[in-house]
1. Of Trp147, Trp25, which has the most accessible area with a 1.4 Å probe, and how do the rest follow in descending order?
2. In the full protein assembly as shown, how much of Leu153 is accessible to a 1.4 Å probe, in Å² to the nearest 10?
3. With the other protein chains left in place, how much accessible area per residue, in square angstrom, belongs to the chain at a 1.4 angstrom probe?
4. How would Arg94, Arg99 rank on accessible area, largest to smallest, probe 1.4 Å?
5. If you count only protein heavy atoms and use a 1.4 Å probe, how large is the accessible surface of Tyr137, to the nearest 10 Å²?
6. Using a 1.4 Å probe over the heavy atoms of the protein chains, calculate the carbon and sulfur portion of the accessible area of the chain as a whole percent.
7. Report, in debye and to the nearest 20, how large the dipole of the chain comes out about its Cα centre when Lys and Arg carry +1 and Asp and Glu carry -1 on their Cβ.
Amino acid sequence: MTDAAALFAAVFIALYVAHSVGDHWVQSSCQAATKGQPGWTGRLACGRHVFGLTLTKAVVLVPVVVVLDLSVTALGVALGLGLDAASHYWADRRTTLKRLADHVGKAEFYSLGTPAHPGHPTTAEGTYAPTLGTGAYALDQSWHMLWLGIAALIIAAV
């Protein structure tokens, strides 16, 4: 394996770990509930979430860079984390990712696990059974993984 590939792998792993922590542990319940709302309430909640998430990624990445003596530049880290933050904000406003899912033929999958889906989960009595796993969540997380890969590539290359 080349040094560049090892650098990319180490950076991606650090960003992946930090993403999971930042998106699920650092994000407040208020941010999660309001980041998709229209207007400034939603924009500010999403901005606060993305700020905390990006800070988490930096906090995790720095010791990995130091301990493993990785050769990254401040410009590469800024560009990679900046692009990742912008893509995360875009998706987490919710209507944007929903429109993309609709446009590429994933509308039914997007609604999977919600009452809007014809095969939504039900209780024994036939009422909606809430579930954490939804198509929207799966598409959201896969979108974020794509951009984590791009960010890691930028950080490793610049």
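1. These residues rank, largest area first, as Trp25, Trp147.
2. 100 Å²
3. 56 Å²
4. Arg99, Arg94
5. Surface accessible to solvent at Tyr137 totals approximately 100 Å².
6. Ligands and nucleic acids excluded, carbon and sulfur give 71 percent.
7. 460 debye
The values are calculated or read from the model by the stated rules, or taken from the named source; none is laboratory data. Nothing here was measured: the structure is a model prediction, and the numbers come from that model. When we count neighbours, we look across all protein chains shown, and the Cβ atoms used for this are built from the backbone with ideal geometry, even at glycine. Surface accessibility is based on the protein's heavy atoms, side chains included, excluding ligands, DNA and RNA. Shrake-Rupley method; radii C 1.70, N 1.55, O 1.52, S 1.80 Å.
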